[in-house]
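The values are calculated or read from the model by the stated rules, or taken from the named source; none is laboratory data. This one's a predicted model, so the numbers in the text were calculated from it and none came from an experiment. Here the Cβ positions follow ideal geometry from the backbone for every residue, glycine too, while neighbour counts run over all protein chains shown. With ligands, DNA and RNA removed, areas are computed over all heavy atoms of the protein, side chains included. Shrake-Rupley method; radii C 1.70, N 1.55, O 1.52, S 1.80 Å.
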Amino acid sequence: MSLENVLDIILITYNRRGFLENTFEQIFAENSPIKDFPITILDNKSNDGTYELIQEYKKKFPNINHIVNKRNIGGNANIIRAFELVSKKYFWILCDDDNYDWTHWAEIEQAIMDDKDVILTEHLTPGSDLPIEVIVNELNFLPAGIYKSEIISDDVIHNAYVNIYNSLPHQALVAEVLNKNYKFFVPEHT
């Protein structure tokens, strides 16, 4: 199984050209294990030069798919739009202003190959035997989790939209994981 065939990577952005450039330098670095994966950039109709930056990178990396929303729908709605685009077995939603360390990517890749339900990509609390409340807290950081796509149910989408203004919409996904007893994989290293 080739990982790029089972992992959707969607990066959300809006008017963050400088941050996005830094993120691109990490994602498309020589040592990046995802640099050749199809990567969808979901742009909330940026008007600060973000569009032009993405076009520059598309020339070098044809694996980039750039989708521009007709309107700026807001960051939380852009997260939900990313949920709606998922088509592969797993998905990972990235943000335009984060830092990525690929040192222990092999653990993440192995968890996907082992068919884990939810894979933490980062955790601030040391160790792999974390209490559930710590895991849930860690998943407040959107890119901290890679999820199986089957977890996105109609209820998840509905609850994400219902909570769009007073919550992190991706917590609807975490609630679904808890309610349906999906299992979390916490790597030893992140």
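Go through segment 147-178 residue by residue and tally those that are over 21 Å from Asn76 (Cβ atoms) and part of a helix (DSSP H, G or I). First the steps, then the outcome.
Let us first name the residues in segment 147-178 that are over 21 Å from Asn76 (Cβ atoms), namely 148, 150.
Next, from what is left, pick out any that are part of a helix (DSSP H, G or I): 150.
Residues in segment 147-178 being over 21 Å from Asn76 (Cβ atoms) and part of a helix (DSSP H, G or I): 1 in total.
Among Leu130, Leu124, Leu120, which is within 16 Å of the chain's Cα centre (by Cα) and under 30 Å from Ala29 (Cβ atoms)? Please lay out each step first, then the result.
On the way: Leu130 fails: within 16 Å of the chain's Cα centre (by Cα); Leu124 fails: within 16 Å of the chain's Cα centre (by Cα).
It is Leu120.
I'm trying to understand the selection: among the residues of segment 52-98, which are among the aromatic types (Phe, Trp, Tyr) and either touching a residue at least 40 places away in the same chain (Cβ under 8 Å) or surrounded by fewer than 13 Cβ atoms within 10 Å (Cβ to Cβ) (or both)?
Quick first cut of segment 52-98, residues among the aromatic types (Phe, Trp, Tyr) only: 57, 61, 83, 90-92.
Across segment 52-98, the qualifying residues are Phe83, Tyr90, Phe91, Trp92.
Among the residues in segment 2-23, are any open to solvent by 10 Å² or more (accessible area, probe 1.4 Å), free of Cβ contacts under 8 Å to residues at least 12 places away in the same chain, more than 26 Å from His170 (Cα to Cα) and part of a loop (DSSP other than H, G, I, E, B)? Scanning segment 2-23 turns up at least one residue that is open to solvent by 10 Å² or more (accessible area, probe 1.4 Å), free of Cβ contacts under 8 Å to residues at least 12 places away in the same chain, more than 26 Å from His170 (Cα to Cα) and part of a loop (DSSP other than H, G, I, E, B). You will find that of Ala111, Ala106, the residue that is farther than 26 Å from Arg17 by Cβ, more than 17 Å from the chain's Cα centre (by Cα) and small (Gly, Ala, Ser) is Ala106 and no other.
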